[in-house]
1. Those residues that are away from the ligand (no atom under 16 Å from the Cβ), small (Gly, Ala, Ser) and part of a loop (DSSP other than H, G, I, E, B), I need them from region 408-464; list them, please.
2. Looking only at region 378-393, count how many residues are among the charged types (D, E, K, R) and crowded, with 17+ Cβ neighbours inside 10 Å.
3. Name every residue in region 203-260 that is aromatic (Phe, Trp, Tyr) and under 20 Å from VAL302 (Cα atoms), in order of residue number.
4. What residue, of ASP386, ASP382, is more than 21 Å from the chain's Cα centre (by Cα) and within 16 Å of the ligand (Cβ to nearest atom)?
5. Is there a residue in region 285-299 that is over 18 Å from ARG360 (Cα atoms), crowded, with 22+ Cβ neighbours inside 10 Å and within 16 Å of the ligand (Cβ to nearest atom)?
6. Spot the failing condition for ILE276; the list is (1) crowded, with 20+ Cβ neighbours inside 10 Å; (2) of a type in the set (Val, Ile, Thr); (3) in a loop (DSSP other than H, G, I, E, B), and only one is missed.
7. Where the second residue is of a type outside the set (Asp, Glu) and part of a helix (DSSP H, G or I) and the first is without any contact (Cβ under 8 Å) to a residue 24 or more places away in the chain and lies in region 99-126, which pairs have Cβ atoms under 9 Å and are six or more apart or on separate chains?
8. Going through region 340-377 one residue at a time, which ones are out of contact with any helix residue (DSSP H, G or I) (no Cβ under 6 Å at 6 or more places or on another chain), in a loop (DSSP other than H, G, I, E, B), buried (at least 18 other Cβ atoms within 10 Å of the Cβ) and not hydrophobic (A, V, I, L, M, F, W, C)?
Amino acid sequence: MNHSKLKPFPKDFLWGASTSAYQVEGAWDEDEKGLSVIDVGKYPEGTSDFKVASDHYHRYKEDIALFTEMGLKAYRFSIAWTRIYPKGTGEINEKGIAFYNDLINELLSHNIEPIVTMYHFDLPYALQEKGGWSNRETIDAYEKYAKTLFKYFGDRVKYWLTINEQNMMILYGAVLGTVDSKIENPQKKLYQQNHHMFLAQAKAINLCHEMCPNTKIGPAPNIAYVYPASSKPEDILAAQNFSSIRNWLYLDMPVFGRYNSVAWSYMEEKGCTPTIQEGDMEILESAKPDFIAFNYYATSTVAESKNNTSDKNPIGDQQITIGEPGFYRGVANPYLEKTQFGWEIDPIGFRITLRELNDRYNLPLLVTENGLGAYDKLEEGDVVNDDYRIEFLRKHIEQARLAISDGVNLIGYCPWSAIDLVSTHQGFSKRYGFIYVNRDEFDLKDLRRIKKKSFYWYKNVIKSNGQEL
Ligand code: BGP
């Protein structure tokens, strides 16, 4: 649809930016923080670990001062479960509570709305040792953790996100380091874990509504519209197959309280349907999210797969489709350019994804990640000319505005990332931030903060409420 007149961004639009605890904080073993699966995980050769990251734990005041200067209305970050409960459950670590209290208060004193992810990939290792999400006790541990977050921070935090990218943990857990890749019959185990995460999420949603009626809570999957490679009906079916197990499984459950039927038949076919205990479905049906948060990087394109084992790409990640013989085959989209890291760039796909989510679920939408990973270069005079990032974000914001004009109820946009941080599985050289952090993969240098060109650009976008791009 070509609009003759575009609607403006809403007056209280949440212009924000995002990070996650283990990627930005550092201080991995300070103040009684426990180990998470990330801390004991392996990193691909040549990439940094997460021990110091961007040292945000010690520099959060300086960072928030920069966020304030940029004009952020919201900051989406995650709480490290292992700072609150070092062993995942048991005794509360007061120092962890104190840190996030200080962080939240600092944000609020600068009129920045905290948007809190309760769990972003970093499951406490003590829970993992007892089976992690395969063990139903992890659901109880998450519920207890959620209760603690609502009790201590629910008076000030208005937006909660239950679990970051549950779908990516299930589909690409081995690459992201969030599940044990060596487990036997991984799919059977993974979809059981998935069921447990759904239950944990539902319990947190109900608890949030009970304990903090004035706050809002929602899931935060990674959603990408799936294109068929052609108008061949078999390709359309393949696109539906992949979209069901990649996207809709993870939203039909929280929103409608039921398993997506195509995803369920896929699990039946693979012999990996989860065991559902009595009472589980009632819990899942009872919890209703207030909004949908989602991360968008690019669409995915798939074609028919005729049970050919070569239809499985050896390597995949959040945005690179692996494929499943007999279900779908990931293919490149010839109409799209790629980032330096091989991810496709599709701003129009962003509008398409927003429209689809709006049509399917009719809930407010909050974008919690979107951005461009690139090898930025620090030039003489402390300058980073990241025009490519500006172009990427500009095109996505243009499409967001078109989606709003289409009638989509978009309440905020939080690009990834507020500041440079360690990529999930590709080290520090893959940068996303508006603020450059002066360190390399292994040389920590002085970790000083430098405003990139995109910092000044985004500042003006926010100031003009999206009018000046
Ligand atoms: C999302 C994760 C983030 C972040 C982002 C960029 O999947 O939620 O934690 O890492 O992707 O991905 P990457 O770091 O792999 O480039």
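1. SER464
2. So in region 378-393, the residues among the charged types (D, E, K, R) come out as 379-380, 382, 386-387, 389, 391.
Okay, now just the ones that are also crowded, with 17+ Cβ neighbours inside 10 Å, so 386, 389.
Summing the residues that are among the charged types (D, E, K, R) and crowded, with 17+ Cβ neighbours inside 10 Å in region 378-393 gives 2.
3. Step one: list which residues in region 203-260 are aromatic (Phe, Trp, Tyr), which gives 225, 227, 242, 248, 250, 256, 259.
Across region 203-260, the qualifying residues are TYR225, TYR227, PHE242, TRP248, TYR250.
4. Values: ASP382 fails: within 16 Å of the ligand (Cβ to nearest atom).
Result of the check over ASP386, ASP382: ASP386.
5. yes
6. Failing condition for ILE276: (1).
7. SER109/ILE64
8. ASP346, PRO364, GLY371, GLY373, ASP376, listed by residue number.
The values are calculated or read from the model by the stated rules, or taken from the named source; none is laboratory data. The structure displayed is predicted, hence computed values, not measured ones. In this analysis, Cβ positions are derived from the backbone assuming ideal geometry, glycine residues included, and neighbour counts consider all displayed protein chains.
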